[in-house]
Structure formats: structure tokens, C-alpha cells
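Take a look at the structure below.
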4 protein chains.
Amino acid sequence: MEDKKTQLVHRRREEILTAAKHIFAKNGFRRTKIGEIAAHLSVGKGTLYRYFKDKKSLFLAVFEQGMAGLRQAMRANIEPIIDPKNKISAAVRTYFEFFDNDRELVEILMQVRSEFKDDYRRVFLALYSDYIVKIQENLRVSVKTGVFRKLDVEKTAEAISATLHGVLQSFYVREFGPETAVPDVEKLTDRTEAVTALLLKGLLKTDSA
Amino acid sequence: MEDKKTQLVHRRREEILTAAKHIFAKNGFRRTKIGEIAAHLSVGKGTLYRYFKDKKSLFLAVFEQGMAGLRQAMRANIEPIIDPKNKISAAVRTYFEFFDNDRELVEILMQVRSEFKDDYRRVFLALYSDYIVKIQENLRVSVKTGVFRKLDVEKTAEAISATLHGVLQSFYVREFGPETAVPDVEKLTDRTEAVTALLLKGLLKTDSA
Amino acid sequence: MEDKKTQLVHRRREEILTAAKHIFAKNGFRRTKIGEIAAHLSVGKGTLYRYFKDKKSLFLAVFEQGMAGLRQAMRANIEPIIDPKNKISAAVRTYFEFFDNDRELVEILMQVRSEFKDDYRRVFLALYSDYIVKIQENLRVSVKTGVFRKLDVEKTAEAISATLHGVLQSFYVREFGPETAVPDVEKLTDRTEAVTALLLKGLLKTDSA
Amino acid sequence: MEDKKTQLVHRRREEILTAAKHIFAKNGFRRTKIGEIAAHLSVGKGTLYRYFKDKKSLFLAVFEQGMAGLRQAMRANIEPIIDPKNKISAAVRTYFEFFDNDRELVEILMQVRSEFKDDYRRVFLALYSDYIVKIQENLRVSVKTGVFRKLDVEKTAEAISATLHGVLQSFYVREFGPETAVPDVEKLTDRTEAVTALLLKGLLKTDSA
DNA sequence: AATGAATGAGTGTTCATTCAT
DNA sequence: AATGAATGAACACTCATTCAT
């Protein structure tokens, strides 16, 4: 019985998060009214406050859930791979695919940065640190084994991660937007090859000799 | 006499922009009260409204001025350079130096994205397009001359630009913040080498032969 | 239960209208602050906005309610009367009595004209038209039966109605005003005889030999 | 020389009043900005303040000037007439003609009532009192000479005056409005006959038999 | 005398949050 | 547990008036 109750609570929490993500992504944090989310769920506003302390907590919960999903996807798709090059290309592909499949989360991501700088920092660092650590490990090993050139592991890992974010944003500014009529014409995934190539091979022609 | 007046108006406008940038960067757009900017300048609120239509216009003017400065810096430092590799490294260095020297602008940049998506898009595209075109030209020529490998010009140019943005943001989230007590410990410019190397050489060891 | 709620809502609405009429009449539309009305009712400002869209709507609701009352009074007191002369005198008396008993409404009436010309026109025409039509009918019949002299029905009906308004205003300008210390010394009703006589002796067939 | 200056000042004052009347009538007191009047005259705002203490004074000056014009017209057209009936009909005609020829003043008149109740009262009473006194004299004499029926002089005089005001307002609400495309289709003057007849046939002794 | 840049008081409205039912 | 009526803090913007030039 307790279990049942707990499950119900969990399910309800999920429903709220889904509705909130939808509305927040559509209108942005400020313009979103708690009442609109409640109405979307056909519940009273008070109910939302039983599940989340306040509007900000709800918003951050949406964000954290999204980030957790990203982390999970990255883990599932990258960890099994052993070849360092393939690890990189899998990371790029996974990252892009993930956000192609959850455009609302991109909007949330953009919002959270300026609305809650400090919370963003916290969540960002918490969720991404292990992922950046993984990159660093890959780099370190691959440099040692001679697959990758000699490089500054910390800064390069940061740069790789930053490139993914940067491409996401550039793309978002130009193509995204919930109101875009034809959102499927172009996809982040289309960038996978170019970005992977850039990261792995760089710009220079290397067929020296 | 007209000249004097015009000059005075210009000077006042600049003073307002500087004060506004400072306050907006410190508190963010929403939490900034027009009265606070006015007080900082020791003028009445009405005066600000003589120079800028409303709060949003003032904010966007700060943003546009900053972007104009970036464009100018990029042009001045990159255009004279001929060697494609040096062009790339100069772009990275200029970009990072520019934001190291104007951290308030970074905060503005982060804000504007989520507060005024559409205006951001407009200004961003307007000011950056010529700069992205330059990258594309460089790539196209360098591929033809065999300095750069065969690559997708549009997508790679986008990725290069995105990498710079991404690094700026990653760094910003971790190190920046107007409230940071010791903001000079680490600098964006420290990333120049690693990023330039990543862009030019990629990760893979190329010691063919 | 639904009934109870509906009733409560209705009662609250009436209370707000009463308080608003009082404050609006005392201070005029512009100088009335929403907060003053709320304070008078010991409720929060937000509550007023649950019942009325905005300040203007509240004001116009007060006005419309008053006009509805006037129409009702006119109907109740005039319709049952058959004799044309008595109909006229009843109209004059009812009109004057009504405003003697609701001086706040007079102030509202004066305000609404200049503040919301168009809304005034709309409400005025909507509520008064049937009443003017009644006058016209009375005139038409009475002319036919020879009780009233031959006259321009439309213009004379307008003039009769206008006379009532005009007397109300003249009186108001001189005697009224919520601040008047002794508001009961003179009354609109005191004008009933003189006005009725003026109107009637002009309407009656002067069956001079 | 002094004379010249005085004349110039006078002329300027008149120009300001004309412009102010125009703008005030168009937009209403509240929505009229001092700057708009100044711009219309191609002078600085400060200049207006040399001629009128403040916005309210300017508005009231427009009103008072208009009322003075009405008084003058009434005097010129009525005083020479001796026959009591003709005096009445001349009053009606003059009043209606005056406002047909100065519709802007009607708008001012409507505004002033609710904006400045007390000042309206003062000016109204000051300017109209002599005119009402004239009506009273006419009534008194005519009753004595048997031309008019026995009546309450004060209240009837008030009612006559009120009828003119009332008709003006009724007409205004329905037909006027600065935005009316075809303002000449109907005129106040068209009411002259009906109103005169209403007033007179009520005034004349019905020496039946 | 004329100007118009500068001033800053003043207020309607929204909406996150609470809490009585 | 759920509701949604009630609350009231918070804030941009206008424009009459002043006064240095």
C-alpha cells in the first residue's frame, strides 16, 4: 500500500515535470505562470506546491532531469566503446542525437543559464564533471598509447566539451525555436561528421611526406 | 555650438551605456532597476528615457555596442594576416583576449540570449555573419591550396565559431562571475594554445611517415 | 454548495461596486487609487482584479449598475400610468427623486462623460434609448388624441429628456458635491413642479377659444 | 514702444489659446501634453509657462475665453430685443448657433466639468449669473405684464437655462465628436424651433376662454 | 525672452505563494 | 490531499514643471 502510494507520487511527479518542461520551453521561465502548468495538468496550483517547493525548484528539477538523461545516454553509448577515436565520434553523435530528440530541453538549458547562474553552475558541474573526467581519461590513455598527439589534457578536454555545447547553441540560435514551422529540415546530427572530423583531424592537411 | 551639443549628447550616451553595462552585468536584466542605473549616474530616471526608449532598448544597445567592439577587434587583428593557420590562431587569441578584457560583456551576452531570443538572433546574425563568411573564405581557399584538408566548409566554419563560443561559456560558468574574488587567476587566454592546436591539428597523432 | 459560492461571489461583487462608487464619487476617477478602494474593503488589491478586469471596467460597472437602476425606476413608476400629463410629471419626479437618493451616482455620471466618452455614448444610448422611445410614443399618441399640441416628436422628445439632464447638471454644479456640508437643504425634487409645469404647459393644447 | 510690446504679448497669448483649445478639444485635458501644444506653435515649452502658470490655468483660460464669447454673443443678440417671446427664441437660437460654430469649445466644456469641478463652478457661476439674471428679469416682467403665466421665476429660469445645456449635451453625445466624419449633417440649430416651442408654449399664458 | 534638457513623483497591474476549507 | 481565492510586493514609464544657458 505504501508502495502504491509512493508509486503514485512518483508518477505524478513525472507528469508535472513533463508538463512543466513543455510550458517552460514554450514560454520561458519568466513568462510561464504556475497556473498555466496547473491548468495543463488539470490540477490546482496548490498541488504543484506539494511536489515542488517553488517555481524555481520546479524549473531546476526539469533541468536536472534533462541533464541526468544526457548523462545516462552518454554513459550508455560511450562507455562500451574502446577505440579512442570511436569514443570521440560516439560522444559527438550521442550528444547531438540526444538534443535532436529533446528540443524542449535545449530551450530549458538556454534559459537556466541566465536565470539561475549559480544553480546552473552547480548542476552543470555536478553532472558534467564525471563526463569530462571520462574525456580526460580517454585523452590521457590515448596520448600514452600514441593514438592521440601530445596535448594539454585538461584544457583540451574542456575544449572538446565546449565545442559540443557551442555547436548546440549556434545551431539553436539559427535553426531552433519552438515556433519554427519546419523544425526537422535541419538537424544537429547533420553536424556529426564535420565536428568529429574537426576534433579528430583538425584543419590541417596531414598527408605530409 | 551644434557640434558641442552633439558631442555632449554622445558623451552622455556613452556614460549611460557604461553604467548600464555595469549594473546589468552585476544583477542581470530582470533584477536591474532603471532607477539603480540612474542613481549610479546621479541623474534622474527620465534622463535615461531621453536617450533610450525603454529598459530593453538600453540593454540591447549595451549588447550591440559590445558586439560591434568584438567585430572591430576581430577585423583589426585577423584581416592583415595572410597565413591561414595564423589567421585561425589569431582569431582564437583575439576572441579570448577580447572577452578577458570585458568580462561584463560576457554576462550581458549570456543574459541576452534567454531574455531576448529574437533580438539576440537578429544582432547575432547581423554582426557575426560577415565574420563567419571570413572563416568560410579562409577554409575554401586553404582547402584549394592544399593547406587544409578536404572538409565541409559551411559546417566546419560553424563548428570553429561554435568552439570559440563554447569555450567562452564553459570558462564563464566555471571561472567568471563578477563576484569572483580573484578573477585574474585564470584567463581565457590560457586556452589559446590548446584550442588553436585542437582546431588546427585535431586529436590524432599525425606522425605519418 | 455551488449556490453558496455563487452567492458569495455575487455579494462580494456588490460590495466592491458599492465601495468603488463611494470612492470614485469622492475623488473622481483619476485621483482614485485602486488601493484605496481595496483598503476601504479591507481586502488586497488583487481581489478587486479577480472581479473586475481593470480600474476602468470597475468604474464603468458602477456606472452601468447605476443606469440600470435608473431605468428600472423609470419603468416601474411611469409605465403603469396612463394619463399622458401624469406620465410626464411622473417621469420628472422619478428622475429627480432617483438622483436625490443617489448623489454619488451623479458624480459618477459627470465623470464618465469626459473620461470615457465612447463608453459613455455606448451605455448611454443602450440604456436610454428605450426610455426615449417611450417618450416618443407618449408624444405621438397624445398628439393624435389631441391632448398635446402638434409638435416634432423626435426633437421634442429629445428636448424633454435633455431638460431633465440639464436640470440635474445645473443643480449638481451649484448644490451638490459630496463635500457639501448640508446636502439636504435643497433637493432636486424641489424642481419637480416648476419643470413639469414648464414642460406641460408647452405640451398641452392651448385650447384657447 | 510699450504699446507694441503689450500688443505682441496679447497676440501671442491669443495664439496660444487657439492652439491649446484645438489640442485640448482633440485629445482631452489628460492626454494633452504641454509639449504638443508648444510643438504646434513651434515654440519651446518654457514659453507657454511665461504666459500661463500651468497646464490647468491654460485649460481654464481656454474655457473662460469661450464662455466670455458666449456671454458676449448672448448679450449682443438678446438685449436689443424687447418682445419677451422673441427674447426667449433669440436666446435659444444664439446659444445653439454659438456652439454650432465652435464645436471645440463644447468638448472643452464637457471636459472642464469633471476635471475641475470647483473651477467649473466658479467660472460657470461667474459668467452665467448675469445671463440667468437676465432671464429672471424677463420672466418677472412678462409675468407681471401677463404675457407669461404665473410661475416660479428662479426655478423656471434655471430650468430654461438647463434645457439649453441639456440639449447641447444630448446632441453632443450623439452627433458630435471631433472624429465625426460628417459633422455638418445635423446641427444644433435644427433644434431651435422645437426647443423654442417647448419653452414658449409653456410660458405663454393660455388665456383660454 | 526663449529654450528644452533634466527631473522624479506617482500608480495600475501581475502573479508566485499561502492557507482556509 | 487537493483546491483556488486571496494576497500584496514590486516596478517601468510618463510628463508637468523648472531653470541653466
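Take the residues in the stretch C:127-152 that are free of Cβ contacts under 8 Å to residues at least 40 places away in the same chain and more than 19 Å from C:E79 (Cβ to Cβ); name whichever of them is farthest from the other protein chains (Cβ to nearest Cβ).
Of everything passing the filter in the stretch C:127-152, C:K144 is farthest from the other protein chains (Cβ to nearest Cβ).
Across the stretch D:12-59, what is the total count of residues that are at pLDDT below 95 and on the phi > 0 side of the Ramachandran plot?
1
Residue-by-condition table, conditions (1) in contact with a Gly (Cβ under 6 Å, 6 or more places away or on another chain); (2) modelled with pLDDT under 55; (3) in a helix (DSSP H, G or I):
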position	(1), (2), (3)
D:S170	no, no, yes
D:R174	no, no, yes
D:E179	no, yes, no
D:V182	no, yes, no
D:D190	no, no, yes
D:E193	no, no, yes
D:A197	no, no, yes
D:G202	yes, yes, yes
D:A209	no, yes, no
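Cβ-Cβ below 6 Å, separation at least six or inter-chain, first residue in the stretch D:25-48 and open to solvent by less than 40 Å² (accessible area, probe 1.4 Å), second among the basic types (K, R): which pairs?
The qualifying pairs are D:I34/D:K45; D:I34/D:K55; D:G35/D:K45; D:A38/D:K45.
Answer with yes or no whether C:K21 is part of a helix (DSSP H, G or I) and open to solvent by 50 Å² or more (accessible area, probe 1.4 Å).
Working: part of a helix (DSSP H, G or I): yes; open to solvent by 50 Å² or more (accessible area, probe 1.4 Å): no.
When the stated conditions are applied, C:K21 does not pass them.
Is there any pair linking a residue in the stretch D:1-22 that is free of Cβ contacts under 8 Å to residues at least 40 places away in the same chain to one that is more than 13 Å from DNA strand E (Cβ to nearest atom) and open to solvent by less than 100 Å² (accessible area, probe 1.4 Å), with Cβ under 9 Å and at least six apart or on different chains, and which?
Qualifying pairs under 9 Å: D:R13/D:A61; D:E14/D:Q65; D:T18/D:V62.
Would the stretch A:65-79 turn up any residue that is more than 14 Å from chain B (Cβ to nearest Cβ), within 11 Å of DNA strand E (Cβ to nearest atom) and not in a loop (DSSP other than H, G, I, E, B)?
The first filter runs over the stretch A:65-79 and keeps only residues more than 14 Å from chain B (Cβ to nearest Cβ), leaving A:65-66, A:68-79.
Those still in the list that are within 11 Å of DNA strand E (Cβ to nearest atom) too: none.
Looking through the stretch A:65-79, none of the residues is more than 14 Å from chain B (Cβ to nearest Cβ), within 11 Å of DNA strand E (Cβ to nearest atom) and not in a loop (DSSP other than H, G, I, E, B).
Could you look through the stretch C:12-27, keep only residues that are within 15 Å of DNA strand E (Cβ to nearest atom) and away from every other protein chain (no Cβ under 14 Å), and pick out the one that is nearest to C:F63 (Cα to Cα)? Walk me through it before giving the result.
Of all residues in the stretch C:12-27, those within 15 Å of DNA strand E (Cβ to nearest atom) come to C:12, C:16, C:19-20, C:23-24, C:26-27.
Those left that are additionally away from every other protein chain (no Cβ under 14 Å): C:12, C:16, C:19-20, C:23.
Details: C:R12: 17, C:I16: 13, C:A19: 13, C:A20: 10, C:I23: 13 Å.
The residue in question is C:A20.
Matching residues to (1) under 18 Å from C:R12 (Cβ atoms); (2) within 16 Å of DNA strand F (Cβ to nearest atom); (3) touching a helix residue (DSSP H, G or I) at 6+ places or on another chain (Cβ under 9 Å):
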position	(1), (2), (3)
C:Y49	yes, yes, yes
C:V62	yes, no, yes
C:G66	no, no, yes
C:L70	no, no, yes
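Just a yes or no: is a residue in the stretch C:52-71 more than 13 Å from the chain's Cα centre (by Cα), open to solvent by 70 Å² or more (accessible area, probe 1.4 Å) and more than 16 Å from C:Y128 (Cβ to Cβ)? Talk me through it step by step, then tell me what you get.
Going through the stretch C:52-71, the residues more than 13 Å from the chain's Cα centre (by Cα) turn out to be C:52-61.
After this cut, where a residue has to be open to solvent by 70 Å² or more (accessible area, probe 1.4 Å) as well, the list is C:53, C:56.
Subset that is more than 16 Å from C:Y128 (Cβ to Cβ): C:53, C:56.
Yes, there is a match, as at least one residue in the stretch C:52-71 is more than 13 Å from the chain's Cα centre (by Cα), open to solvent by 70 Å² or more (accessible area, probe 1.4 Å) and more than 16 Å from C:Y128 (Cβ to Cβ).
I'd like to verify a number: residues in the stretch D:125-157 that are part of a helix (DSSP H, G or I), touching a helix residue (DSSP H, G or I) at 6+ places or on another chain (Cβ under 6 Å) and not basic (K, R), how many? Spell out how you get there, then give the answer.
Step one: of the stretch D:125-157, the residues part of a helix (DSSP H, G or I) are D:125-144, D:153-157.
So of that shortlist, the ones also touching a helix residue (DSSP H, G or I) at 6+ places or on another chain (Cβ under 6 Å) come out as D:127, D:131-132, D:135-136, D:138-140, D:142, D:153, D:155-157.
Then drop every residue that is not not basic (K, R), which leaves D:127, D:131-132, D:135-136, D:138-139, D:142, D:153, D:156-157.
The number of residues fulfilling the criteria is 11.
Could you figure out which of (1) assigned to a helix (DSSP H, G or I); (2) within 14 Å of DNA strand E (Cβ to nearest atom) isn't true of C:R30?
So C:R30 meets the others, but not (1).
Just checking, does the stretch B:112-119 include any residue being under 22 Å from B:A25 (Cα atoms), more than 16 Å from DNA strand F (Cβ to nearest atom) and open to solvent by 60 Å² or more (accessible area, probe 1.4 Å)?
The answer is yes, given that some residue of the stretch B:112-119 is under 22 Å from B:A25 (Cα atoms), more than 16 Å from DNA strand F (Cβ to nearest atom) and open to solvent by 60 Å² or more (accessible area, probe 1.4 Å).
Across the stretch D:75-101, which residue is surrounded by the fewest Cβ atoms within 10 Å (Cβ to Cβ) among those that are without any contact (Cβ under 8 Å) to a residue 60 or more places away in the chain and in contact with a helix residue (DSSP H, G or I) (Cβ under 7 Å, 6 or more places away or on another chain)? Write out each step before concluding.
The first filter runs over the stretch D:75-101 and keeps only residues without any contact (Cβ under 8 Å) to a residue 60 or more places away in the chain, leaving D:75-83, D:86-87, D:90, D:94, D:98, D:101.
Next cut, in contact with a helix residue (DSSP H, G or I) (Cβ under 7 Å, 6 or more places away or on another chain) only: D:77-78, D:81, D:87, D:90, D:94, D:98.
Working: D:N77: 17, D:I78: 21, D:I81: 15, D:K87: 21, D:A90: 19, D:T94: 19, D:F98: 21.
Looking at residues that are without any contact (Cβ under 8 Å) to a residue 60 or more places away in the chain and in contact with a helix residue (DSSP H, G or I) (Cβ under 7 Å, 6 or more places away or on another chain), I get D:I81.
Please give the number of the condition B:E107 fails out of (1) within 16 Å of DNA strand E (Cβ to nearest atom); (2) among the charged types (D, E, K, R); (3) crowded, with 20+ Cβ neighbours inside 10 Å.
Result: B:E107 passes all but (1).
The values are calculated or read from the model by the stated rules, or taken from the named source; none is laboratory data. Remember, predicted model here, so these are calculated numbers, not experimental data. FYI the Cβ positions are ideal-geometry reconstructions off the backbone, even for glycines, and counts take in every protein chain you see. Each accessible area value is taken on the protein alone, full model and side chains, heavy atoms only, with ligands, DNA and RNA left out. Shrake-Rupley method; radii C 1.70, N 1.55, O 1.52, S 1.80 Å.
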